[in-house]
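Each remark here refers to the structure printed beneath this line.
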Amino acid sequence: MTEKEKGDEKIVPLKKIDVRELTSCENTAQMLEKARRDGVETAFDRAVSMKACPIGADSACCKHCAMGPCRLNTKDPYGKVGVCGATIDTIMARNFARMVASGAAAHTDHGMSMLDVFREVVNGNIKDYTIKDPIKLKEVADSIGIETEGRETDDIANDLYRELERTYTQVEGEIPFATRVPPKTLETWRTHGVVPRGAMREIMELMHRTHMGVDQHYENITKQCSRTALADGWGGSMVATEISDILFGTPTPVRAEVDMGCLKEDQVNIIIHGHEPNLFESMLASVNDPTLLKAAEDAGAKGINLIGMCCSGAEMLSRHGIPHAGNFMSTEAVLVTGAVDAMGVDVQCIKQGLAKVAQCYGTKLFTTNPRARIEGAEHIEFEEHEPKKCTDQIVEMAIVRFKNRNMPVEIPKISSTGIHGFSHEYINYMLGGTFRSSYTPLNENIINGRIRGVAGVVGCTNPRVKQDWVHVELVKELIKNDVLVVQTGCSQIALAKAGFYKPEAAHLAGPGLSEVCEAVGMPPVLGVGSCVDNSRILIACAEMVRVGGLGESIADLPVAGAAPEWMSEKAISIGHYFVASGVYTVFGVTFPIIRDTKFHKLLFEGLEELGFGKWGFTEDPYEMAQLMIAHIDKKRKALGIDKARERVLFDMASRRELEAI
Ligand code: BF8
Ligand code: SF4
């Protein structure tokens, strides 16, 4: 099945390039070599043999109606227009908008599923999950003005459900979490008419506006992009994070193992890959079921090894310390070990190619979500009212596969143990201690210059660039320059594999940041979870503004964001909600817009002039770090904290308090 699939019309020869040029993940490289020996093709091979379409890459084509598809000239973007007269700016803005709409839809649909589960738990119709964190329930309720004093948890929960439902269904007004946005940032949004009403309405309107012959002004389209993306960040994603914490527990730092070395040859290995934590939580219950453990033992296994991948993996890693086998570009490679007895998937970032690789190695691949089936995979529907029915079955089938393993298993040896699970609540506590839990010490350390600023480094891996390399090199540069890095998703996993989540990695940071890390006992990079948990970074930004000393809006903060190896439409939605919230956000790999066009100017310069953040782009991690640091320094200058200040040491009492954590 290497060079040519039976029945394929085209023969695309795979170039045999060194796998170490494709990935800097040693385990993935080892598995890619094995895949080649075994004659198995992966997305890495396909990316080499299939060049990205240059017109699509620049977003210079439109297929929004049957008068087209229309293809403009990327070298001469204003040389012609589409059949309907659409200009390059309209076409690019509409394409960009559709990416925002799709990405925001994915996150908000995920959030709405969490809210559905929450409602059914509160109504007593789902018994397998409970409210694990009633304190968080109260905090979230308080934050949107629900009375909590002296009330029963269930009453508060009912009100919270009704309020948060507005995040999706409200047709007029502002989404509930708008109350968490710093007033000056909110004022900017109101001025420009981009405060989200409800996610369904915003996504619907954006799809409408990008239909043929509707919104044909790139500035106006961009406004609705912002409104929709904000409905994701401060809406759907934030609800997903907050409800998941309430139901399954708010993460606190936990030691966990990352990389393929966490697979165990003598155990039944089950991987869960996808995004919604309810499947994974139920799987956790199933793998601890005494009957299933006994069945595994009877099959000759020393236990059942539950492992995560991608975002639901990152979430379970943060919440429960469940081992994580790797990020997006390792999901096929992990199957090449032959050691995976079952892989259960739900929604988002699940390559269709997994089905064929799973088949080659006899791994059982199960789809579980009614929204997402894959040809060649077995579907066992996950039903929230009876979650274990699905997950028990997956475990049973995995045990059968373990018993019948009939090909050699090769498990790469490397894994890295680090500390994960820095929810924004824990960062609060960690920095401020039990009695003065707050972001004040973070702000103080930024003002006194020990910490230069904060960077969010997030997002996917992409076979168009060397896996993990851009993430790792960028983060190295940032921490060396005293920039504290917070992470989510596949980026967090890239850095975890590279050992940056060990507190000892503090020595890799510049003198100021390493001093703070050593005082607090934290690594120089903080993992906050999955991609929807980017909302934790938004809340942290809002908190930094609220505490004071760093300006009045998120746009004033010395912070920046990056998705150096992005690939998904969700990443564009995330990028745009950070930009609309006031953050300079730099993407790598490619940017789907032609430079020096009006739309490009708006995203890369104009939005900042209007009081938002702005977009940036470079493929080079070192240049990316410089762009982000220059922006942080610009903000420090505007705040008047750019001058070298006398470095004030923590007083001894604070130090003891911090060290005791
Ligand atoms: O939401 S980082 S590859 S797994 S899109 Fe996907 Fe990108 Fe990974 Fe999660 Ni996020
Ligand atoms: Fe071409 Fe306009 Fe139709 Fe797009 S909407 S395909 S630019 S005619």
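Of the listed peptides 562-568, 449-455, 217-223, what is their order by residue-averaged count of other C-beta atoms within 10 Å, with the highest listed first?
Numbers: 562-568: 27.9, 449-455: 23.6, 217-223: 19.3.
Highest-to-lowest ranking by the protection proxy: 562-568, 449-455, 217-223.
In terms of the Cα gyration tensor, with a ≥ b ≥ c the square roots of its eigenvalues, is the range 517-616 rounded because a/c is under 1.5, prolate because a/b exceeds b/c, or oblate?
On the way: a/c = 2.29, a/b = 1.40, b/c = 1.64.
In terms of gyration-tensor shape, oblate.
Mean separation of Cα pairs under 8 Å and 6 or more residues apart, divided by the residue count, gives the chain a relative contact order of 16 percent. Once the Cα-Cα distance is subtracted from the 0.36 nm per residue extended length, the Q352 to L639 segment shows a gain of 98.4 nm.
The distance between label points at T440 and R190 comes to 3.0 nm (points 7 Å beyond Cα on the Cα→Cβ vector).
Applying 1/(1 + (r/R0)^6) with R0 = 25 Å to the Cβ-Cβ distance of I17 and E619, what FRET efficiency is obtained, to the nearest 0.05? Let's see the in-between values first.
Numbers: r = 18 Å, r/R0 = 0.73.
Computed FRET efficiency for I17 and E619: 0.85.
Here the translational diffusion coefficient of the range 441-511 follows from Stokes-Einstein with Rh set to the Kirkwood radius across Cα pairs; for 25 °C and 0.890 mPa s it amounts to 194 µm²/s.
Ranked by the mean number of other Cβ atoms within 10 Å of their residues, highest first, the peptides 22-34, 266-278, 388-400 fall in the order 266-278, 22-34, 388-400.
Estimated from the Cβ-Cβ distance and a Förster radius of 25 angstrom, the FRET efficiency linking E381 and D298 is about 0.35. Cβ crowding within 10 Å ranks F328, F96 as F96, F328, fewest other Cβ atoms first. With a simple spin-label model that places each label point 7 Å from the Cα along the Cα-to-Cβ direction, the separation between E219 and D154 comes to 5.5 nm. Given in Å, the Rg to one decimal and the Dmax to the nearest whole number for the Cα atoms of the range 36-139 are 23.1, 63. If R0 is 25 Å, the Cβ-Cβ spacing of R546 and K132 corresponds to a FRET efficiency of close to 0.40.
On a per residue basis, the convex hull of the C-alpha atoms belonging to the range 450-563 measures out at 95 Å³. In whole percents, the pair-distance distribution calculated for the range 200-346 from its alpha-carbon pairs, binned every 5 Å from zero, is 2, 9, 15, 16, 14, 11, 9, 8, 7, 5, 3, 2, 1, 0. Remark: spin-label model distance S143-D266 equals 4.6 nm, labels positioned 7 Å along the Cα→Cβ axis. Dimensions of the chain from C-alpha coordinates, computed as largest minus smallest value along each principal axis and given longest first, are 67, 66, 50 Å. In terms of distances greater than 27 angstrom between alpha carbons, the cross-link table entries K570/K601; K497/K614; K138/K351; K132/K497; K184/K634 yield K497/K614; K138/K351; K132/K497. When you restrict to C-alpha pairs under 8 Å that are six or more residues apart and normalise by the size of the range 209-344, the relative contact order lands at 30 percent. Computed over the alpha-carbon atoms, the range 382-481 gives an Rg to Rh ratio of 1.16, Rh here being the Kirkwood radius from the mean inverse distance. Taking packing as the residue-averaged number of other Cβ atoms within 10 angstrom, the listed peptides 518-525, 137-144 run from highest to lowest as 518-525, 137-144.
Its relative contact order, with pairs defined as Cα atoms under 8 Å and 6+ residues apart, puts the range 485-640 at 19 percent.
Couplings for the range 91-96, taken from phi via the Karplus curve 6.51 cos²θ - 1.76 cosθ + 1.60 with θ = phi - 60°, read 4, 5, 5, 5, 5, 4 Hz in order; Gly and Pro are left as x.
If you take the square roots of the eigenvalues of the alpha-carbon gyration tensor of the range 254-294 and sort them as a ≥ b ≥ c, do you get rounded (a/c under 1.5), prolate (a/b over b/c) or oblate? Oblate is the answer for the range 254-294, as a/c is 1.5 or above yet b/c matches or exceeds a/b.
So how much slack lies between Q626 and A66, counting 0.36 nm per residue of separation and subtracting their Cα-Cα distance, in nm?
Length gained between Q626 and A66: 197.1 nm.
For the chain, the antiparallel share of DSSP beta bridges with both residues in that region comes to about 15%.
The numbers here are math on the coordinates, done by the rules we state, and not lab data. Computed from a predicted structure; not experimentally measured. Methodologically, a virtual Cβ is constructed for each residue, glycine included, from the backbone with ideal geometry; neighbour enumeration extends over all protein chains shown.
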